[in-house]
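Colleague: Pasting in a structure now, in structure tokens, and then I'll have a few things to ask.
The values are calculated or read from the model by the stated rules, or taken from the named source; none is laboratory data. All figures in this text were calculated on a predicted structure; none of them were measured in a lab. Note that we place each Cβ from the backbone using ideal geometry, even for glycine, and neighbour counts take in every protein chain shown. Only protein heavy atoms, including side chains, enter the accessible area calculation; ligands, DNA and RNA are left aside. Shrake-Rupley method; radii C 1.70, N 1.55, O 1.52, S 1.80 Å.
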Amino acid sequence: MNQNNKLSIEDVYKSYGNKLVLDNIDLKVAAGELCTLVGPSGCGKSTLLRLLLGQEFADAGSIIIDGAPARHPDPHRGIVYQKYSLFPHMTVFDNVMAGSRLSKQAWYLPWKRDKDDEAFAISMLERLRLVDAMRKFPHELSGGMQQRVAIAQALMSKPPLLLMDEPFGALDPDTREQMQIYLMELHEEHKLTIFFVTHDLDEACYIGTRLLVLSQYYTDDRGEEPTVARGAKIVGDYRLAREALPTTEKSSAYFKAFVEQVRANGFSPNNRCHVRDFNLKHPHSFQTLTREENQF
Amino acid sequence: MTANYKPVQPARLFGVHATPRNWHKLVLGLLPFILIIALYAYASHARKLDNPDDKLLPGFSQMVEAMQPLVMQPSPRNGQYVFWADTLSSLTRLALGCSLAFVAALWLGLNMGAFRGLEASASPFITFISMIPPLALLPMLFITLGVDEVGKVALIFIGTFPLMTRDVFIATKAIPREQLVKTLTLGGTQLAYLYRIALPQIMPRALDTFRLSLGAAWLFLIAAEAIASTDGLGYRIFLVRRYLAMDIIIPYVAWITLIGFLLDWALRVLARRLYPWYAGVNSK
């Protein structure tokens, strides 16, 4: 087995009341991947992210991050949300410095200056073209700028695993594309491991080095009776070749065909793939099926 | 050829599109004050014509005359300037009761909003005791704590504390969960979340609540002073009531109102200075 696993999930189940959301999820993610997770709405993408974050806990199974089980939120994981990522009462600079101050200084003393971290914060702000807005409050910024600050804020703490929950979901298409490029550049520059949840298949295929499709549209040997409670599984796991960064790639015929293929296999209630035939081509992909799911 | 239309002039005073100029607003704002004073002066004058000894609507010169010894001359009994001594003791009681209640409410409400365990225990209790009419407790307070300062401060505290606590609690609970998770993933502790993230975010709202509670605090202060006291603005009003001394009561009420207005204004300015981000966040 690959010893370089950042994240390994095995036999994870999660249900809310009678509704099974995550159904026997298995996943290993190597360090340095930009792993995108897509799926039809309501399939449990955000639930899986919250489990990774430790905001909620699985009913069964194990979630191991860097060799330790995932507990309550801690600096092992960074997070960028679609909104509410920033502290509204702090300026942009203070928001970016928040990680350094909160983790290194006592809460009951006034913040002291930290020359090294401040220099790093400034360099990060320069990199994301936010220096001019440094003294502004989050509500004075546009949506795209806010998300850039949120990314800088999360990166300051150099989290071993960076989780992103639809971070660009509320942005207009141009800003969104710009942000995607920023993220890909930062990913390569800082050798980050990122787990990126989105509902936009184009985005997922474009920025990721690995694409995971979570979906409730599949079949298995448990039968088709309505009594069978079935939740979402990872129905597709692809390695993505990402050599160049130009946005023109999005309009290439190959890219479009690939997106359509993924969409057909994961997003359609009328085209259900059997658990044995999932497209799990990624070398790190694995799947443990129960006897009921795979009877032959 | 394009027709030469006149530029649109916005309405200044009437209709939903009106955008009054600043001097419009000043004049319009002063208008009710001027009207009420003029109306009073007229009524007072009319009664004086009828009965020169009328005590109910004293003229302004009468008020000045009556207030003069209280404001400008030391009392022959204890050498104090009565008006200023009354003001000082009333404000001391008000400040003590209100600030104690504010600090206690801030601390308890914040902890209740952040810690579910404490919430489960304290929330129903605070909701329950906030229903007690504080004035009904006044006799009990005077019996147990005595009729001097402690009893009056306690009444103001009990009268304002539950409501402020509930408001701080609600504001803390309304902070998105994301902010807590964010703090923890950035390496902050639970207490760092409480005092560095949650507290500054609710402070401007808490100051608003404090401002609104001042009205209730005045009510309890005057009530306590009216019943058992030897000085204070409320005490004086209820004392001179026996002599129908409207020429003292009216200036005292106007003075209380002015202090209340200035306190309210000062707190608003303070909140805007300390928390400049608050107005912007709320307007979104």
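Colleague: Quick check on this structure: which one of B:Arg273, B:Arg205 is among the charged types (D, E, K, R), touching a residue at least 12 places away in the same chain (Cβ under 8 Å) and either open to solvent by 50 Å² or more (accessible area, probe 1.4 Å) or outside the structural domain of B:Glu149 (by TED's automatic domain parsing) (or both)? I'd like the intermediate steps shown before the answer.
Modeller: Working: B:Arg273 fails: touching a residue at least 12 places away in the same chain (Cβ under 8 Å).
Of the residues listed, the single one that is among the charged types (D, E, K, R), touching a residue at least 12 places away in the same chain (Cβ under 8 Å) and either open to solvent by 50 Å² or more (accessible area, probe 1.4 Å) or outside the structural domain of B:Glu149 (by TED's automatic domain parsing) (or both) is B:Arg205.
Colleague: Okay, next question. Check off (1) surrounded by 18 or more Cβ atoms within 10 Å (Cβ to Cβ); (2) outside the structural domain of B:Ala217 (by TED's automatic domain parsing) for B:Val64 and give me the number that stays unchecked.
Modeller: Only one criterion in (1) surrounded by 18 or more Cβ atoms within 10 Å (Cβ to Cβ); (2) outside the structural domain of B:Ala217 (by TED's automatic domain parsing) is unmet by B:Val64, namely (1).
Colleague: List the strands (runs of 3 or more DSSP E) that sit entirely inside the stretch A:188-269 and contain at least 1 residues that are more than 14 Å from the chain's Cα centre (by Cα).
Modeller: On the way: elements: A:194-197, A:210-215, A:233-239.
Answer list for the stretch A:188-269: A:210-215, A:233-239.
Colleague: Follow-up. Of all residues in the stretch A:99-130, which are more than 22 Å from A:His76 (Cβ to Cβ) and within 27 Å of the chain's Cα centre (by Cα)?
Modeller: Across the stretch A:99-130, the qualifying residues are A:Ile122, A:Ser123, A:Leu125, A:Glu126, A:Arg127, A:Leu128, A:Arg129, A:Leu130.
Here is a yes/no grid of residues against (1) at the interface with chain B (Cβ under 8 Å from one of its Cβ atoms); (2) open to solvent by 50 Å² or more (accessible area, probe 1.4 Å); (3) of a type in the set (A, V, I, L, M, F, W, C):
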residue: A:Arg77; (1), (2), (3): yes, no, no
residue: A:Val92; (1), (2), (3): no, no, yes
residue: A:Tyr108; (1), (2), (3): yes, yes, no
residue: A:Ala119; (1), (2), (3): no, yes, yes
residue: A:Met124; (1), (2), (3): no, no, yes
residue: A:Val131; (1), (2), (3): no, yes, yes
residue: A:Phe137; (1), (2), (3): yes, no, yes
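Colleague: So, in the stretch B:220-252, how many residues would count as being free of Cβ contacts under 8 Å to residues at least 12 places away in the same chain and not aliphatic (A, V, I, L, M)? Working first, answer last.
Modeller: First, pick out the residues of the stretch B:220-252 that are free of Cβ contacts under 8 Å to residues at least 12 places away in the same chain: B:230, B:239-243.
Still in the list and also not aliphatic (A, V, I, L, M): B:230, B:241-243.
Counting residues in the stretch B:220-252 that are free of Cβ contacts under 8 Å to residues at least 12 places away in the same chain and not aliphatic (A, V, I, L, M) gives 4.
Colleague: Could you list, in sequence order, all residues of the stretch B:210-234 that are surrounded by fewer than 22 Cβ atoms within 10 Å (Cβ to Cβ) and assigned to a helix (DSSP H, G or I)?
Modeller: At the first step, the residues of the stretch B:210-234 found to be surrounded by fewer than 22 Cβ atoms within 10 Å (Cβ to Cβ) are B:211-216, B:218-219, B:222-223, B:226-228, B:230-231.
Result: B:Arg211, B:Leu212, B:Ser213, B:Leu214, B:Gly215, B:Ala216, B:Trp218, B:Leu219, B:Ile222, B:Ala223, B:Ala226, B:Ile227.
Colleague: Looking at the stretch B:71-80, which of its residues are open to solvent by 30 Å² or more (accessible area, probe 1.4 Å) and touching a helix residue (DSSP H, G or I) at 6+ places or on another chain (Cβ under 7 Å)? Break it down stepwise before answering.
Modeller: First, the residues of the stretch B:71-80 that are open to solvent by 30 Å² or more (accessible area, probe 1.4 Å): B:71-74, B:76-80.
Result: B:Val71, single match.
Colleague: Could I ask something else about it? Can you confirm whether B:Ala279 is closer than 27 Å to B:Arg166 by Cβ and buried (at least 17 other Cβ atoms within 10 Å of the Cβ)?
Modeller: Values: closer than 27 Å to B:Arg166 by Cβ: yes; buried (at least 17 other Cβ atoms within 10 Å of the Cβ): no.
Criteria not met by B:Ala279.
Colleague: Here is a further query. For the stretch A:205-222, check the following and say yes or no: at least one residue is closer than 25 Å to A:Gly143 by Cβ and of a type in the set (Ser, Thr, Tyr).
Modeller: Yes.
Colleague: Quick one: which of B:Gly159, B:Gly187, B:Gly146 is small (Gly, Ala, Ser), at pLDDT below 95 and surrounded by 22 or more Cβ atoms within 10 Å (Cβ to Cβ)? Give the steps one after another, and end with the answer.
Modeller: On the way: B:Gly187 fails: surrounded by 22 or more Cβ atoms within 10 Å (Cβ to Cβ); B:Gly146 fails: surrounded by 22 or more Cβ atoms within 10 Å (Cβ to Cβ).
Sole residue among the options that is small (Gly, Ala, Ser), at pLDDT below 95 and surrounded by 22 or more Cβ atoms within 10 Å (Cβ to Cβ): B:Gly159.
Colleague: What's the total number of residues in the stretch A:139-154 that are open to solvent by 10 Å² or more (accessible area, probe 1.4 Å), closer than 16 Å to B:Lys182 by Cβ and within 12 Å of chain B (Cβ to nearest Cβ)?
Modeller: 1
Colleague: Of everything in the stretch A:51-75, what is more than 8 Å from chain B (Cβ to nearest Cβ), in contact with a Lys or Arg (Cβ under 9 Å, 6 or more places away or on another chain) and not β-branched (Val, Ile, Thr)? Give them in sequence order. It would help to see each step written out before you state the result.
Modeller: Of the residues in the stretch A:51-75, the ones more than 8 Å from chain B (Cβ to nearest Cβ) are A:51-52, A:54, A:56-71.
With in contact with a Lys or Arg (Cβ under 9 Å, 6 or more places away or on another chain) added as a condition, the list becomes A:51-52, A:54, A:56-61, A:65-66, A:70.
A:Leu51, A:Leu52, A:Gly54, A:Glu56, A:Phe57, A:Ala58, A:Asp59, A:Ala60, A:Gly61, A:Asp66, A:Ala70 - these are the residues of the stretch A:51-75 that are more than 8 Å from chain B (Cβ to nearest Cβ), in contact with a Lys or Arg (Cβ under 9 Å, 6 or more places away or on another chain) and not β-branched (Val, Ile, Thr).
Colleague: Of everything in the stretch A:258-288, what is closer than 19 Å to A:Ala204 by Cα and either open to solvent by less than 40 Å² (accessible area, probe 1.4 Å) or among the hydrophobic types (A, V, I, L, M, F, W, C) (or both)? Give them in sequence order.
Modeller: Narrowing the stretch A:258-288 to residues closer than 19 Å to A:Ala204 by Cα: A:258-268, A:278-285.
A:Phe258, A:Val259, A:Val262, A:Ala264, A:Gly266, A:Phe267, A:Ser268, A:Phe278, A:Asn279, A:Leu280, A:His282, A:Ser285, listed by residue number.
Colleague: Take the residues of the stretch B:190-202 that are closer than 22 Å to B:Arg268 by Cβ and surrounded by fewer than 21 Cβ atoms within 10 Å (Cβ to Cβ): which is farthest from the other protein chains (Cβ to nearest Cβ)?
Modeller: Start the filter on the stretch B:190-202 by keeping residues that are closer than 22 Å to B:Arg268 by Cβ, which leaves B:199-202.
Filter again for surrounded by fewer than 21 Cβ atoms within 10 Å (Cβ to Cβ), leaving B:199-200.
Details: B:Leu199: 10, B:Pro200: 5 Å.
Among those residues, the one meeting the criterion is B:Leu199.
Colleague: With respect to B:Thr172, determine if the residue is in contact with a Leu (Cβ under 9 Å, 6 or more places away or on another chain) and within 14 Å of another protein chain (Cβ to nearest Cβ). It would help to see each step written out before you state the result.
Modeller: Numbers: in contact with a Leu (Cβ under 9 Å, 6 or more places away or on another chain): yes; within 14 Å of another protein chain (Cβ to nearest Cβ): yes.
Criteria met by B:Thr172.
Colleague: Just the residues that are more than 14 Å from chain B (Cβ to nearest Cβ) and open to solvent by 40 Å² or more (accessible area, probe 1.4 Å), please, taken from the stretch A:33-50.
Modeller: Just the residues of the stretch A:33-50 that are more than 14 Å from chain B (Cβ to nearest Cβ), to begin with: A:33-45, A:47-48.
Within the stretch A:33-50, A:Ser41, A:Gly42 qualify.
Colleague: On the basis of being of a type outside the set (Phe, Trp, Tyr) and in a loop (DSSP other than H, G, I, E, B), does B:Arg93 make the cut? Write out each step before concluding.
Modeller: Values: of a type outside the set (Phe, Trp, Tyr): yes; in a loop (DSSP other than H, G, I, E, B): no.
No.
Colleague: Scan the stretch A:65-93 for residues that are more than 28 Å from A:Ile9 (Cα to Cα) and within 19 Å of the chain's Cα centre (by Cα) and report the count. Break it down into steps so the answer makes sense when it comes.
Modeller: Here is the first cut: in the stretch A:65-93, the residues more than 28 Å from A:Ile9 (Cα to Cα) are A:86-93.
If we keep only those that are within 19 Å of the chain's Cα centre (by Cα) as well, we get A:86.
Adding up the residues that qualify gives 1.
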